[in-house]
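The values are calculated or read from the model by the stated rules, or taken from the named source; none is laboratory data. Since we're looking at a predicted model, the values are computed, not measured. Using ideal geometry, Cβ is built from the backbone for each residue, glycine included, and neighbour counts are taken over all protein chains shown.
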Amino acid sequence: MSDSPQAPRGTYDVLPVQSAERSLLIEIAEEEFELAGYARIDTPIFEETTVFARGVGESTEIVSKEMYSFTDQGDRSLTLRPEGTAAIARAYGEHGMHKLPAPVKLWYYGPFFRQEAPQAGRYRQFFQIGAEALGSDDPALDAESIALLDRILRRAGVEGYRLRVSSLGSAPERRAYSEQLKGYLRDHDAELSDEVRERIELNPLRAFDSKHPGTIEVMKGAPKLLDTISAGDRAHFDEVLALLDAAGVGYEVDPSLVRGLDYYTRTVFEFTSDRLGAQSGVGGGGRYDGLVEMLGGPATPGVGWAAGVERIVQAGEIEGARTPGELDVFVALETGADRAAAFALASKLQESGVAAVIELAGRSLKGQLKQASRAGALRVVIMGGERGQYDAAIKNMDGGQQHELSGLTADDYLERIIESLTEDMEAATAESAQ
Ligand code: HAM
């Protein structure tokens, strides 16, 4: 066995062949976020542990089992962020964002960390895009937030996904419901999985998420939170649904929908795709009207979601990604050609927005042309002649035609080559537009 280090379990390297698609997804998302009035926020990769312990909830699996927490040299307990919402709620309070015109709409993209059992689509470091809107409890904000993710998924070519929505109501009804559900689960405890049975007192709602056949059967007959929420919360939920209808967003109301984080109130939702395996959740979120206050800020309603970048890329068909290595110009050198001139040419081309590389591996001219074609170069500039002479040829890799530029001088060769290349490229663009 080799002792060469490998990426830590549950993490992966994003190789160049994968990064083009990911970048395009982020571009699509950024465009949609901006169209909906969201501005980017970046919070630290680690936070004081209490942000997540209090925000996400001690009884959740994320906090009780999955956090990467450590003590730093100053004896502070810190945690690699397992999610973004609690951190953003912390930042909202810390920066007095309640003084900004409401709602404050924020979006983010970056890595998150959970020590889960790795499997296809489930990693210990994964990337999320997410959106949070704070400062308003208007149901239109819930519907807008959901429609935004729906649009991003469609533009990313994710097909056949389902959107499930529900309402968890507010704390008093949820507390009463929780007692009712605990009683029901205790009455059926022999049929439940060990894990669900052990968590009846701590987190009875998670029983709805169980994959254990006995538990699934029991949960079919369980009382549903959606039937017990207050009239005000019901009206809020009905308005969210009416606005989703108005926006043409398809959904199913699923009263058994629960989420793995404790901060939710009222609306919750989840997008799943049947193109993914067991880890079918593409994105999810909901309303969290008490979270900012729980973290010491002013009472502030909020709603948002996060979606897994790896899962969107896997379930989607992202079109138009520039393939890695796609190149406008390869600068090749004949034996004895002026390397500094070739270097200056590639550098000037890059400066003017043309993707250009220079031969760097000591290949023969034949080898360079092969490499240019392998790299997908559209054109090759062959720098010729001895040092002091500035002949060049431009070869079109598409049709194979080549034209020579001769009589170039030390003063004008760069401009002349660039001029000729630009004319060539413009002619090709005009032709392909016809
Ligand atoms: P979440 O449901 O825990 O919600 O995660 C959101 C999405 O992140 C999931 O649907 C999934 O696509 C992706 N994800 C989660 N864990 C993993 C993992 N281990 N590997 C790969 N992908 C993963 C939240 O994080 C909330 N902060 C969402 C939210 C925002 N609610 C309100 N605002």
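Could you please find all residues in region 35-59 being assigned to a helix (DSSP H, G or I) and over 30 Å from Arg155 (Cβ atoms)?
Thr49, Thr50, Val51, Phe52, Ala53, Arg54, Gly55
If we keep just the residues of region 252-276 that are out of contact with any Ser or Thr (no Cβ under 8 Å at 6 or more places or on another chain) and within 12 Å of the ligand (Cβ to nearest atom), which is farthest from Arg90 (Cα to Cα)?
In this case the residue turns out to be Leu276.
Looking at Ala156, Ala131, Ala143 in this structure, which one is aliphatic (A, V, I, L, M), buried (at least 22 other Cβ atoms within 10 Å of the Cβ) and near the ligand (Cβ under 9 Å from one of its atoms)? Before the answer, list the steps.
Values: Ala156 fails: near the ligand (Cβ under 9 Å from one of its atoms); Ala143 fails: near the ligand (Cβ under 9 Å from one of its atoms).
Within the list Ala156, Ala131, Ala143, the selection yields Ala131.
Filtering region 195-236 down to residues that are outside any helix (DSSP H, G or I) and among the hydroxyl-bearing types (Ser, Thr, Tyr), which residue is nearest to Glu179 (Cα to Cα)?
Just the residues of region 195-236 that are outside any helix (DSSP H, G or I), to begin with: 199-203, 210-212, 221-224, 228-230.
After this cut, where a residue has to be among the hydroxyl-bearing types (Ser, Thr, Tyr) as well, the list is 210, 228, 230.
Working: Ser210: 19, Thr228: 12, Ser230: 16 Å.
For region 195-236, the residue satisfying everything is Thr228.
Among residues belonging to region 11-42 that are β-branched (Val, Ile, Thr) and surrounded by 18 or more Cβ atoms within 10 Å (Cβ to Cβ), point out the one that is nearest to Leu149 (Cα to Cα).
This residue is Ile28.
Within 7 Å of the ligand (Cβ to nearest atom) and within 24 Å of the chain's Cα centre (by Cα), is that true of Gly283? Break it down stepwise before answering.
Values: within 7 Å of the ligand (Cβ to nearest atom): yes; within 24 Å of the chain's Cα centre (by Cα): yes.
For Gly283, the condition - within 7 Å of the ligand (Cβ to nearest atom) and within 24 Å of the chain's Cα centre (by Cα) - is met.
Any idea which residue in region 60-86 is nearest to the ligand (Cβ to nearest atom), counting only those that are in a strand (DSSP E or B) and among the aliphatic types (A, V, I, L, M)?
Leu80
Looking for whichever is within 26 Å of Leu25 (Cβ to Cβ), small (Gly, Ala, Ser) and free of Cβ contacts under 8 Å to residues at least 24 places away in the same chain here; the options are Gly320, Gly286, Gly248. Which one fits?
Just one listed residue meets the conditions, Gly248.
What's the number of the condition Gly260 fails, among (1) small (Gly, Ala, Ser); (2) in a loop (DSSP other than H, G, I, E, B); (3) touching a strand residue (DSSP E or B) at 6+ places or on another chain (Cβ under 8 Å); (4) surrounded by 14 or more Cβ atoms within 10 Å (Cβ to Cβ)?
(3)
Just a yes or no: is a residue in region 410-428 assigned to a helix (DSSP H, G or I), basic (Lys, Arg) and modelled with pLDDT of 85 or more? Don't jump to the end; show me each part of the working.
Within region 410-428, the subset assigned to a helix (DSSP H, G or I) is 413-428.
Still in the list and also basic (Lys, Arg): 416.
Remaining after also requiring modelled with pLDDT of 85 or more: 416.
Yes: region 410-428 contains one or more residues that are assigned to a helix (DSSP H, G or I), basic (Lys, Arg) and modelled with pLDDT of 85 or more.
Are any residues in region 88-128 near the ligand (Cβ under 9 Å from one of its atoms) and of a type in the set (A, V, I, L, M, F, W, C), and if so, which ones?
Across region 88-128, the qualifying residues are Ile88, Phe112, Phe113, Phe126, Phe127.
Need pairs with beta-carbon distance below 6 Å; first residue touching a residue at least 12 places away in the same chain (Cβ under 8 Å) and within region 31-43, second assigned to a helix (DSSP H, G or I) and among the charged types (D, E, K, R); sequence gap 6+ or separate chains.
These pairs meet every condition: Glu32/Arg151.
Quick test of your reading of the structure: Arg374 fulfils all but one of (1) surrounded by 15 or more Cβ atoms within 10 Å (Cβ to Cβ); (2) out of contact with any strand residue (DSSP E or B) (no Cβ under 6 Å at 6 or more places or on another chain). Name the failing condition by number.
Arg374 satisfies every listed condition except (1).
Could you tell me which numbered condition Leu78 fails, if it satisfies all but one of (1) in contact (Cβ under 8 Å) with a residue 12 or more places away in the chain; (2) of a type outside the set (Val, Ile, Thr); (3) under 19 Å from Leu148 (Cβ atoms)?
The number of the failed condition is (3).
It is to be established whether one or more residues within region 226-243 are within 8 Å of the ligand (Cβ to nearest atom), buried (at least 19 other Cβ atoms within 10 Å of the Cβ) and either charged (D, E, K, R) or without any contact (Cβ under 8 Å) to a residue 40 or more places away in the chain (or both). Even if it seems obvious, please write down each step before you answer.
The initial filter retains those residues of region 226-243 that are within 8 Å of the ligand (Cβ to nearest atom), namely none.
Among the residues of region 226-243, not one is within 8 Å of the ligand (Cβ to nearest atom), buried (at least 19 other Cβ atoms within 10 Å of the Cβ) and either charged (D, E, K, R) or without any contact (Cβ under 8 Å) to a residue 40 or more places away in the chain (or both), which makes the answer no.
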